[in-house]
Every structure is written in structure tokens, then in C-alpha cells.
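Visitor: Got a structure here, written out as C-alpha cells. Questions coming.
Read-outs: derived from the displayed coordinates by stated rules, not from any lab. None of the values given here were measured: they were computed from a predicted structure. Cβ atoms come from the backbone with ideal geometry, glycine included; neighbour counts cover every protein chain shown.
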Amino acid sequence: MDTQVIKIKSFTFNPFYENMYVLFDETGECVIIDPGCSSERERSALAAWIESEKLTPVKLLNTHCHIDHILGNAFVMDKYQIKLYTNEAEIENLRSADIYASTYGMPTPKSPMPDIFIGDGDEITFGNSTLKVLFVPGHSAGHIAFYNSEQNFVINGDVLFHESIGRTDLPGGDFNTLMHSIQTHLLTLPDATMVYCGHGSETNIGHERLHNPYINMQHS
Ligand SMILES: [Zn+2]
């Protein structure tokens, strides 16, 4: 019997209230997803928690590269000497993130470019654990999500939210593309699948199937 258990820790950081996630298992290895830490206090909180849990970060993953999801990229990559994995179509967002940050009057710690491009069906491993990459564009051009079928959860960034969906009015966003991604890659998952979101509380596929107004709009 496989006793592997992935644990999920979230932090809500920066003025956009962005949820970042650290996934770890019994080996002590972890992956860091969408680090939004933007101040010394937030960076310290993340680092102190990782140290207290005696974790070893092995990969940095970005679901997409909007400014609120990448503010801590440079810090995490430098501190833990790990590589950045994201989809190739997110390069433009990474390049323009500084401009967005300046319009919000935020500090802009420039994110390094990705080291490794990942897309649909790729597998991300850490410790004894594996995450499957789902390509779910629409909120942004190269948005990806990370799915684990054994424990039935998905880290889905800004695609599906609790009774809502990601905005589609930013560059690279497209409503029909987003709904297609949700229909083909998320609503095909089991109802009990936990959905961890880039903003707000987590939800599950069954709840969204019933109560998400955007999904029900398409059925009516
Ligand atoms: Zn976003």
C-alpha cells in the first residue's frame, strides 16, 4: 500500500490577496507554486515556515505569470537555488509584469526568465510525488494547472474560483478559451476533486458543477 501523502500549505500575500502554495511530502522535498511574497515581512514568513518544517524546495512552478503570482520568484530562486517551470506562452506576461507593477505603484523585483517550459500532460516530480500538468488557457495565454489524481486535488491558479472564474480582460485572456479549458480539463475531473485557487477559498469540482454561475450559464 502506497502511503505517500502530499501536504498543501497556503499563504495569502501581497495587495492582490494572492494564494501561493507549498506542496511537500514525507521526504521533506517541496515545490513552491506562484510565490506572491512582495515585502520583507512576507518573504520572511515564507522562509521561516519552510525552515521550521525542515523542507527542501526543489522546484518553482508558476501557473501563469501575472504580477501577483510572481512577485516572489526572484527571492525564491535566489534563496533556494531552484529552477522556474512554466508554460512558454507566459513569457510575455513575465516581460510586462514590471510595467503592471509600476502602474500599481508596487516594487518590481524582476523575475528571472523560466528555465524549463512545461505543457499539457507533462509530469512534475518532487520527493515521492507527481503532479500532472493541465494546459488551461483563457485567463492568460499559457495558464497551466497542477493535478494529482491519487489525492484528487488541483492547484488551478486563476482559472476556476469558488462560484466564479478568472477575469479574461487582460492581455492574452479570452472568455471562450477559458470556458473551453474549464469544460475539457476541470469539469472532467471527479466531483470530489479539491480545487485550490489563486484567490479566495478552495472549492471542489462537484460544488462548481452545481453552483458556478458561469458553468450553469452555458447549460441553460
Ligand atoms: Zn492572473
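Visitor: Could you tell me the calculated FRET efficiency between residue 191 and residue 5, based on Cβ-Cβ distance and R0 = 25 angstrom, to the nearest 0.05? Display every interim value, and only then the final one.
Guide: Working: r = 21 Å, r/R0 = 0.86.
Given R0 = 25 Å and the Cβ-Cβ separation, E is 0.70.
Visitor: Please name which of 141, 107, 11 has its Cα lying farthest along the dipole of the chain towards the positive end, using unit charges on Cβ (Lys, Arg +1; Asp, Glu -1) and the Cα centre as origin.
Guide: Value: 107.
Visitor: Please identify, among 137, 171, 114, the residue showing maximal mean-square fluctuation in a Gaussian network model of the chain using a 10 angstrom Cα cutoff.
Guide: Of 137, 171, 114, the most mobile in the Gaussian network model is 171.
Visitor: For residue 172, what charge total do you get from the other residues with a beta carbon under 14 Å from its beta carbon, if Lys and Arg give +1 and Asp and Glu give -1?
Guide: Values: positive: 95, 167; negative: 88, 90, 92, 158, 169, 174.
Surrounding charge for residue 172 is -4.
Visitor: Could you work out how much longer the chain between residue 27 and residue 149 gets when fully extended? Use 0.36 nm per residue separation minus the Cα distance between them, nm to one decimal. List each step's numbers first, then the result.
Guide: Working: separation 122, 0.36 × 122 = 43.92 nm, distance 1.94 nm.
Full extension from residue 27 to residue 149 adds 42.0 nm.
Visitor: Next question, about the same structure. Going by the alpha-carbon gyration tensor, a ≥ b ≥ c the square roots of its eigenvalues, is the chain rounded (a/c under 1.5) or, if a/c is not under 1.5, prolate (a/b greater than b/c) versus oblate? Spell out each step's value before the answer.
Guide: Working: a/c = 1.66, a/b = 1.14, b/c = 1.46.
In terms of gyration-tensor shape, oblate.
Visitor: Continuing with the same structure: For region 1-56 and region 60-88, write down the distance between their C-alpha centroids in whole Å.
Guide: Taking the Cα centre of each part, region 1-56 and region 60-88 sit 13 Å apart.
Visitor: Label points 7 Å out from Cα along the Cβ direction at residue 47 and residue 113: separation in nm?
Guide: Roughly 2.8 nm, to one decimal.
Visitor: What do you get for trypsin sites (Lys or Arg not before Pro) in region 1-54 restricted to DSSP loop and a cutoff of at most 10 other Cβ within 10 Å of the site's Cβ? Let's see the in-between values first.
Guide: Details: sites: 7, 9, 41, 43, 54; in loops: 54.
Sparse-neighbourhood loop trypsin sites (Lys or Arg not before Pro): 54.
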